[in-house]
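For reference, the structure discussed in these notes is given below.
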Amino acid sequence: MAMPLHQSVRLGTHLLKQKLLRRKKFPLLVELEPLFACNLKCAGCGKIAHPASVLKQRMPVGQAVRAVVDSGAPMVSIAGGEPLMHKEIDEIVRQLLDRKKIVFLCTNAVLLPGHLHRFTPHRNFAWMVHIDGLRERHDASVCKQGVFDQAVASIKQAQAAGFRVMTNTTFFDTDTPQDVIDVLDYLNNELGVDNMQISPGYAYERAPDQQHWLSVNQTRQLFAKAFADGRRKKWRLNHSPLFLDFLEGKIDFGCTAWAIPSYSIKGWQRPCYLLDDGYVDTYQQLIDETDWDAFGRGRDPRCANCMAHCGYEPTAVFATVKSLRETIRAAVGS
Ligand code: SF4
Ligand code: SF4
């Protein structure tokens, strides 16, 4: 995984510890959603469709930190909604860093300039800015003009202040391989962000736009063409080499959604943050009371076109550590 070396070591230590403890199911990263409200209304978003009574809720700091710590995950990705709309988000980040967690704070970056002063650069903290394409494409994706320019200005401001900045880009069936190349070249070479994450759009049942999800074959074709001619190696992608192989159809994996679980104001979400089969109070309950064999492509029709990071990156990580060759390949990326 193209993450900083000290973070790769941290992840490797976590994996070794779980092996020694003979734990079969454990989290690598928690998707923490301390609110669902957002300042934007993206057409592909399944979170802002919650009723107003849910959108106005905010998770208390103690509850957020306790859930992550109790799960034992070394990494946490804070999303939502827009986390910067949570009045105590800086305190959640601070307390997670104090407990040695690696923290990614996801944001559309519109509110970032007004909130940057609440945070301090830290080697285990990174902003994860949502950028779905170049100017026209991104503004269309978030259904508002001018957001791309705001996000780019925010990224530059955060970089100048000494923060690690990453990006997260979701692709839909309207994207061509050249669109993928153009946005990754821009983020990697011109904007110089630390790492980029990519994802094929998942077919949220609640999202307003139900027409532009990618099928498995479309995803494979899109990434195989975009990654061709050695381009993949030139980008600082925040994924294991095997997950990128998976995206471009060189290898196939099963889903291990229990390794990137989601904890929101409703509780631990079964089975992953994309589906909504109920909530439980603890990570252990999630593990014990979920029929994990019922999920994944070929098992649940809602999973049919899913190639999402939360289900398949962990499988790629587990396959990586089982193979010396793949471990070396991933380490070279770090
Ligand atoms: S910025 Fe993120 S949370 Fe907000 S509407 Fe868009 S996809 Fe949803
Ligand atoms: S395949 Fe896995 S990650 Fe994807 S929707 Fe199904 S359970 Fe969730």
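The values are calculated or read from the model by the stated rules, or taken from the named source; none is laboratory data. What you see is a predicted model; the values in this text were computed from it and never measured. Cβ atoms come from the backbone with ideal geometry, glycine included; neighbour counts cover every protein chain shown. Surface accessibility is based on the protein's heavy atoms, side chains included, excluding ligands, DNA and RNA. Shrake-Rupley method; radii C 1.70, N 1.55, O 1.52, S 1.80 Å.
For segment 92-169, which fully contained helices (runs of 4 or more DSSP H) count at least 3 residues that are open to solvent by less than 20 Å² (accessible area, probe 1.4 Å) and at pLDDT 95 or above?
Working: elements: 112-115, 135-141, 147-160.
Here the list reads 147-160.
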- prompt: Among all residue pairs at least 6 apart or on different chains, which show Cβ distances below 8 Å where the first residue, located in segment 15-43, is touching a residue at least 12 places away in the same chain (Cβ under 8 Å) and the second is open to solvent by 20 Å² or more (accessible area, probe 1.4 Å) and among the charged types (D, E, K, R)?
  reply: Pro34/Arg58; Leu35/Arg58; Ala37/Lys56; Leu40/Lys144; Lys41/Lys144; Ala43/Asp209
- prompt: How many residues, within segment 274-303, are within 21 Å of Ala79 (Cβ to Cβ) and within 8 Å of ligand 2 (Cβ to nearest atom)?
  reply: 5
- prompt: Pick from segment 189-246 the residues that are within 17 Å of the chain's Cα centre (by Cα), under 19 Å from Cys306 (Cβ atoms) and in a loop (DSSP other than H, G, I, E, B): which of them is modelled with the lowest pLDDT?
  reply: Tyr204
message: Can you tell me how many residues within segment 277-334 are in contact (Cβ under 8 Å) with a residue 24 or more places away in the chain and either buried (at least 17 other Cβ atoms within 10 Å of the Cβ) or assigned to a helix (DSSP H, G or I) (or both)?
response: 32
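Quick one: in segment 289-316, which of the residues that are of a type in the set (S, T, N, Q) and in contact with a strand residue (DSSP E or B) (Cβ under 9 Å, 6 or more places away or on another chain) is farthest from ligand 1 (Cβ to nearest atom)? I'd like the intermediate steps shown before the answer.
Here is the first cut: in segment 289-316, the ones of a type in the set (S, T, N, Q) are 290, 305, 315.
Next cut, in contact with a strand residue (DSSP E or B) (Cβ under 9 Å, 6 or more places away or on another chain) only: 290, 305.
On the way: Thr290: 25, Asn305: 19 Å.
Ranking the candidates gives Thr290 first.
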- prompt: Looking at this structure, is Pro4 more than 29 Å from Pro241 (Cβ to Cβ), away from ligand 2 (no atom under 16 Å from the Cβ) and either of a type in the set (Val, Ile, Thr) or under 18 Å from the mean Cα position of the chain (by Cα) (or both)?
  reply: no
message: Kindly evaluate Gln178 against the criterion of being more than 30 Å from His115 (Cβ to Cβ), surrounded by fewer than 17 Cβ atoms within 10 Å (Cβ to Cβ) and at pLDDT 95 or above.
response: yes
task: Restrict the check to segment 257-271 and report whether at least one residue is free of Cβ contacts under 8 Å to residues at least 60 places away in the same chain, open to solvent by less than 40 Å² (accessible area, probe 1.4 Å), of a type outside the set (Phe, Trp, Tyr) and within 16 Å of ligand 1 (Cβ to nearest atom).
output: yes
task: Count, please, the residues in segment 304-321 that happen to be within 10 Å of ligand 2 (Cβ to nearest atom) and hydrophobic (A, V, I, L, M, F, W, C).
output: 5
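Restricting attention to segment 247-256, which residues are assigned to a loop (DSSP other than H, G, I, E, B) and surrounded by 20 or more Cβ atoms within 10 Å (Cβ to Cβ)? Don't jump to the end; show me each part of the working.
Within segment 247-256, the subset assigned to a loop (DSSP other than H, G, I, E, B) is 248-256.
Across segment 247-256, the qualifying residues are Phe253, Cys255, Thr256.
Looking only at segment 8-48, which residues are among the β-branched types (Val, Ile, Thr) and crowded, with 19+ Cβ neighbours inside 10 Å? Let's see the steps before the verdict.
Initially, segment 8-48 is screened for residues among the β-branched types (Val, Ile, Thr), giving 9, 13, 30, 48.
Result: Val30, Ile48.
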Qualifying residue in segment 71-91 (condition: open to solvent by 50 Å² or more (accessible area, probe 1.4 Å), farther than 30 Å from Asp173 by Cβ and not in a helix (DSSP H, G or I)): yes
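Anything in segment 2-12 that is touching a residue at least 12 places away in the same chain (Cβ under 8 Å) and either in a helix (DSSP H, G or I) or on the phi > 0 side of the Ramachandran plot (or both)? List them, or say none. Quick ask: steps written out before the conclusion?
Keep residues of segment 2-12 that are touching a residue at least 12 places away in the same chain (Cβ under 8 Å), which gives 2-8, 10-12.
Those that are touching a residue at least 12 places away in the same chain (Cβ under 8 Å) and either in a helix (DSSP H, G or I) or on the phi > 0 side of the Ramachandran plot (or both): Leu5, His6, Gln7, Ser8, Arg10, Leu11, Gly12.
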